[in-house]
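Colleague: First the structure, then my questions, so here it is.
Every number in this text was worked out from the coordinates using simple rules, so none of it is lab data. Fair warning: this is a prediction, and the values are worked out from it, not measured in the lab. Glycine gets a Cβ as well: all are built from the backbone with ideal geometry, and neighbour counts include every protein chain shown.
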Amino acid sequence: MSVRRSHPSSRTPAARFARGTQSPDDVAADAPHGSRPEQVYQRLRDLIVQGLLAPGSRVVETEVATRLGVSRTPVREALQRLQQEGFVVGAPGAQQARLTVAPLTRADVHELLNIVGELEGLGARWAAALDAPERSALVTDLRGLNTDFHRMGLAVPLDHSSLYLADERLHRKIVEASAGPRLLALHDSVKPQAERYIRMYISMLTSDIRASVAEHDAIIEAIEAGDVDEAQVAVQTNWRHAADRIGKVIDVAGERGSW
């Protein structure tokens with residue numbers, strides 16, 4: 001698949017935060033529901049995934065607390081979670097105040113996208129094991145989503161953000177079809193890390209999406225046939241190829257935030 005990096009409007013709360021001009025009222029209006037640490041976590045994760053907190057940039061607890069209008073305690077909890085999930089990293093021997101946004105590297109994208117492939121491969125395997133009526137309804141939905149993806153890929157001018165979202169809807173539909181809460185939780189944790197790579201290198205990915213459409217078709221056909229092994233392998237292959245494509249882009253564009 002191929003998409004181009006899009007830059008959020010400078011008037012959005014996320015952009016104002018990145019510039020240091022976001023007010024506590026912005027955060028309150030735009031923050032997701034949940035506990036204060038959860039809100040801070042979601043806000044910071046969104047900024048990292050969108051590239052507004054760039055790879056390699058410092059994340060200082062006191063600055064985040066000031067800009068979000070919260071105490072340091074929920075920020076500390078949010079940063080601990082982000083570090084556990086790999087969105088931020090600490091320098092060896094440094095304290096949490098030395099945290100930086102995780103770099104984007106060739107080795108990491110290879111590991112990360114293959115992990116996503118394993119998780120979604122399980123989802124596809126279980127989707128292929130659904131009863132025939134459920135499987136048939138799922139296949140109908142997936143074919144419609146892949147048609148949308150293909151159509152968006154042929155549009156001129158190409159809306160890369162919409163193309164990415166169309167791809168994401170198809171993959172998420174497979175996972176949600178039969179996954180339990182543990183797989184969904186793991187997918188929710190890991191998939192945004194893969195999105196970071198797509199958003200950062202999006203403009204350099206090939207504009208020819210035929211290979212991705214064909215790989216989606218192979219997944220759908222395996223699910224339709226109830227072939228659990230082939231469905232799992234087809235998803236793993238799709239993500240392995242995505243890792244290879246982004247890896248080649250990184251070879252040309254360079255890693256981000258690892259200097």
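Colleague: Whole Å is fine, so just give me how far the alpha carbon centre of the range 171-231 lies from that of the range 98-155.
Modeller: 1
Colleague: Return the FRET efficiency for the residue pair Asp131, Asp229: r is the Cβ-Cβ distance, R0 is 22 Å, and the value is rounded to the nearest 0.05.
Modeller: 0.75
Colleague: At most 16 other Cβ atoms within 10 Å and a DSSP loop assignment: could you name the chymotrypsin sites (Phe, Trp or Tyr not before Pro) in the range 81-182 that fit?
Modeller: Within the range 81-182, no chymotrypsin sites (Phe, Trp or Tyr not before Pro) qualify (loop, at most 16 other Cβ atoms within 10 Å).
Colleague: Could you give the dipole magnitude of the range 116-176 about its Cα centre, charging the beta-carbon of Lys and Arg +1 and that of Asp and Glu -1, in debye to the nearest 20?
Modeller: 140
Colleague: What translational D, rounded to a whole number of µm²/s, comes out for the range 106-253 from Stokes-Einstein when the hydrodynamic radius is the Kirkwood one over Cα pairs, at 10 °C and 1.306 mPa s?
Modeller: 103
Colleague: Shape of the range 145-213 from its Cα gyration tensor (a ≥ b ≥ c, root eigenvalues): rounded if a/c is under 1.5, otherwise prolate when a/b > b/c, or oblate?
Modeller: Oblate is the answer for the range 145-213, as a/c is 1.5 or above yet b/c matches or exceeds a/b.
Colleague: How much length would be gained if the chain were fully extended between Gln84 and Ser162, taking 0.36 nm per residue of separation minus their Cα-Cα distance, in nm to one decimal?
Modeller: Stretched fully, the Gln84-Ser162 segment lengthens by 25.1 nm.
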